[in-house]
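S.K.: Please read through the structure below; I'll follow up with questions.
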Amino acid sequence: MGPKLEIITHENDTKALVRRLYPQTTENDLRYALGYAKVTNGIQWEQIIKDARYATESNTVLENVLIAQIQVPHFMIRFGKDAKEMDADELEQFKSALKSVYLAINRGDIPESMRGGIFLSANEPFLNVQTSLTIQNVFGTTITLNNRTVLFNKYSSVNQKVYETSYDLIAAKAGYLALSPDEEIMVLDPFEISPDKLELYCFVFPLAYGRDSFMDKLFRCFSGNSKLEECTSCESVHEIMAGKQFKRVLLRRGFPPERGHDGKLVFDIDIDYKPVESCDGKVDFKNINRFKEISKGTIVARRIPAVLSRPGLNVLGEIIPVEDVKENKISYGKNILEEDRDGEICYIAEETGILVYRNNFIEIEPDLHISGDVGVQTGNIKYSRNVTVHGNVCSGFRIECGGNLTIQDGVEDGVELVCTGNLNIAKGLFGERSKVTVSGSARIGFIQNSYLRVKGDLIVREYIYQSEVYCGGRLLVEGYGIDNTERGCVIGGKVCSIKSMEFHSAGSIAALTTLFCGMDPEIVAKIDEISTAISVLKKRIAGMQNKIGYNLSDKKSIEMLRHLPEEKKLEVAEELKELKKMIETNRQLEDSLVLLRKRAFAEDCDELSIIVKKHLIPQLLVIFRNLKRRIYESYYSVSVKVEHGEISLVTTASK
């Protein structure tokens, strides 16, 4: 019999050890020691026999050799009706799997392969921990173990239900069971919504538990709002789960709000006007084109209707509001036609006129009315129809009018007026640099230091002073306000009329007044100029023909030209080209000469007269075509006419 064996116990008598195992110890020694210590439960007999043989063979004393042990379960885990006890190793594996789920969902750390995950339904108990455990120790005595170690820290997504000797952990919501690095056990939502709530993702794991619950929740997700875009089917999720891999899957997609377009009003013409600044810093206030002439049929503006906004819809089924669009409407008045063309509302001019645009209102005025002066606020005026100026025409500005022109005040120095219709100036025309051309008739308050050419009749209410006036019709100066025997209503300058003239009075002792009746001296001067040019041109043509030596109207000369050498042909061709050009120019001059002669003289001067109703004051120079007479004496109420080839004065009334 070997040395006496001592048996000691640990861990609430759930573990028995032999303090020293000697080389001489036999199996009987071990049985005696166990019986003596009354150890009957959890004996590790095969292992202690192996240890005893090792001590004998190695002649070694072994210390604290395990001879008996009771396995103490750590906790009970339940999934549905199943239950399974876990030891320490299994617990660590369980925790590792749950941490993988946490890292995959929260950090995107995806392992190459994953063990089956756990999907819990809401309010489903998933873990039971025994706080008081009753077992038998190595002596076969029943004992109770209390104050078990806390295995997990509970997160808010996990509820706890406490019993007398245990507690349950319960899922507060449906989701994946996970464990954070801080040992917090939690339930993670299987779905993730993008920050803008327009995309719904699902974390798909291979599941060891809860597959049916997961698919049920997934199905309910798919059966939601049918307006959302479905990006992944249930079948695709099944395939992913079968692949034993984790994947973040886009399930559904909403749509963002789309703001439409406000209605647009597009002008097809330039409605802005502003002075133009040149490169040297000067500002042109004359050519600002403030008044827009619109031709009939022109599209003035187009209204592009608003495109309605579309509210968005997020994956929660919530409407995402969007700002309403605005229609940019416009009102219109006379001479504007509204017409729909290919979805655009067009505003078309029904008549030629001036565009009026104010306060989102448009219309076409047939006549142009300028409320104040023509000056820096308006710039120069050009319009093909009637123009009315309710003020003055300021110095340096120009009006070109295709209809009648009415000026309710006066015309300052340096103004140019071109009027295709009739002209009416309520006050007067003043200025040495002013130039007025009228294709119709004219009625003017007074004319002073100005140039005026009127194709039709001319009526002057007050006087003509030191001006050049050319009238293609009858000329009448009424002389209102003139009551002076030393000064008439026509003083100085040149006053011309193709037809008869009638004056209140004429002449002045201070200036020579020249009256042309039945002729236009300015056109006569042009006739003389053109006649001289024709004479010179004919001499050049004759000289060129003599130089060439060929008569182009002679067939023999033309035949001779055809047989000339090429170099000579080219030389003659250039000369002929120049000759042809001169002949054409001569023809044009002769045609214009015929037209000018018709305009320059009256058809019958004997029918013309210059009537002065009151005082005729010398000196006057009166010209009827090629007849002239200077008047050195004063007369009262006379008629000046051509009789028997001479200019005569006939008194028509006594003072």
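The values are calculated or read from the model by the stated rules, or taken from the named source; none is laboratory data. All of these numbers come straight from a predicted model, not from anything done at the bench. For neighbour counting, all protein chains shown are included, and Cβ atoms are generated from backbone atoms with ideal geometry for every residue, glycine included. In case anyone asks, the SASA skips ligands and DNA or RNA and just uses the protein heavy atoms, side chains included. Shrake-Rupley method; radii C 1.70, N 1.55, O 1.52, S 1.80 Å.
S.K.: Counting only protein heavy atoms and a 1.4 Å probe, tell me what percentage of the chain's accessible area is made up of carbon and sulfur.
M.R.: In the chain, the share of accessible area belonging to carbon and sulfur is 47 percent.
S.K.: What are the equivalent ellipsoid semi-axes of segment 405-457, built from the alpha-carbon gyration tensor (square roots of five times its eigenvalues), in whole angstrom, biggest first?
M.R.: Over the Cα atoms of segment 405-457, the ellipsoid semi-axes are 15, 12, 9 Å.
S.K.: A follow-up question, please. Please work out how much accessible surface Arg461 shows to a 1.4 Å probe, ignoring ligands, DNA and RNA, in Å² rounded to 10.
M.R.: 120 Å²
S.K.: Please state the relative contact order of the chain as a whole percent: Cα pairs under 8 Å, 6+ residues apart?
M.R.: 6 percent
S.K.: Using a 1.4 Å probe and ignoring any ligands, DNA or RNA, find the accessible area of His261 and quote it in Å² to the nearest 10.
M.R.: His261 exposes around 110 Å² with every protein chain in place.
S.K.: Percent relative contact order of segment 290-447, based on C-alpha pairs within less than 8 angstrom and at least six residues apart?
M.R.: Details: 407 pairs, mean separation 23.2, N = 158.
Rounded, it is 15 percent for segment 290-447.
S.K.: Quick one: pull the percentage of alpha-carbon pairs in the chain with a separation above 38 Å.
M.R.: 70 percent
S.K.: So, R0 is 51 Å and r is the distance between the beta-carbons of Glu575 and Asn287; what FRET efficiency does that work out to, to 0.05?
M.R.: Between Glu575 and Asn287 the formula returns 0.65.
S.K.: If you rank Glu578, Glu462 by how much accessible surface each has, with a 1.4 Å probe, what is the order from largest down?
M.R.: Heavy-atom accessible area, descending, gives Glu578, Glu462.
S.K.: Compare the Cα positions of Ile541, Val642, Pro565 along the charge dipole of the chain (+1 at Cβ of Lys, Arg; -1 at Cβ of Asp, Glu; about the Cα centre) and return the one farthest towards the positive end.
M.R.: Val642
S.K.: Plugging the Kirkwood radius over Cα pairs into Stokes-Einstein for segment 371-448, at a temperature of 4 °C and a viscosity of 1.567 mPa s, what D comes out in µm²/s?
M.R.: 110 µm²/s
S.K.: Same structure, new question: Summarise the long-distance tail of P(r) for segment 130-219 by giving the % of C-alpha pairs beyond 22 Å. Provide the component values of the computation, followed by the final result.
M.R.: Details: 1984 of 4005 pairs.
More than 22 Å apart: 50 percent of the Cα pairs in segment 130-219.
S.K.: Determine the per residue accessible area of the chain with all protein chains present and a 1.4 angstrom probe, expressed in square angstrom.
M.R.: On a per-residue basis, the chain sits at 55 Å².
S.K.: From a point 7 Å beyond the Cα of Asp268 in the direction of its Cβ, which residues of segment 309-348 have a backbone N at a distance under 15 Å?
M.R.: 336-348, by backbone N distance to the label point.
S.K.: Rounded to whole Å and sorted largest first, list the principal axis extents of the Cα atoms in segment 244-364.
M.R.: Principal axes ranked by extent give 83, 43, 23 Å for the Cα atoms.
S.K.: Given R₀ = 60 Å, what would the calculated FRET efficiency be for Lys296 paired with Asp212, taking r from the Cβ atoms and rounding to 0.05?
M.R.: 0.15
S.K.: Hey, if we sort Ser508, Ser236 by accessible area with the 1.4 Å probe, largest down, what's the order?
M.R.: The ordering from most to least exposed comes out as Ser236, Ser508.
S.K.: If you take the beta carbon distance between Asp89 and Asp196 as r and set R0 to 41 Å, what does 1/(1 + (r/R0)^6) give as a FRET efficiency, to the nearest 0.05? Could the numbers behind the result be given before it?
M.R.: Numbers: r = 46 Å, r/R0 = 1.11.
The computed FRET efficiency comes out at 0.35.
S.K.: Please determine, in degrees from 0 to 90 and to the nearest 10, the orientation of helix 211-222 with respect to the longest principal axis defined by the Cα atoms of the chain, where the helix direction is its Cα long axis.
M.R.: The angle comes out near 20 degrees.
S.K.: Specify the angular offset, from 0 to 90 degrees and rounded to the nearest 10, of the alpha carbon long axis of helix 566-600 from the longest principal axis of the alpha carbons in the chain.
M.R.: 70 degrees
S.K.: Okay, next question. Would you rank Ile530, Ile193, Ile319 by solvent-accessible area, highest first, keeping every protein chain in place and using a 1.4 Å probe?
M.R.: Sorted by accessible area, descending: Ile319, Ile193, Ile530.
S.K.: Here is a further query. Once you put a point 7 Å from the Cα of Val61 and another 7 Å from the Cα of Asp367, both along the Cβ direction, what distance in nm separates them?
M.R.: 14.1 nm
S.K.: A further question follows. Which entries of Lys538/Lys598; Lys427/Lys455; Lys161/Lys244; Lys286/Lys334 show an alpha-carbon separation above 26 angstrom in the structure shown?
M.R.: The pairs that break the limit, which is 26 Å between Cα atoms, are Lys161/Lys244; Lys286/Lys334.
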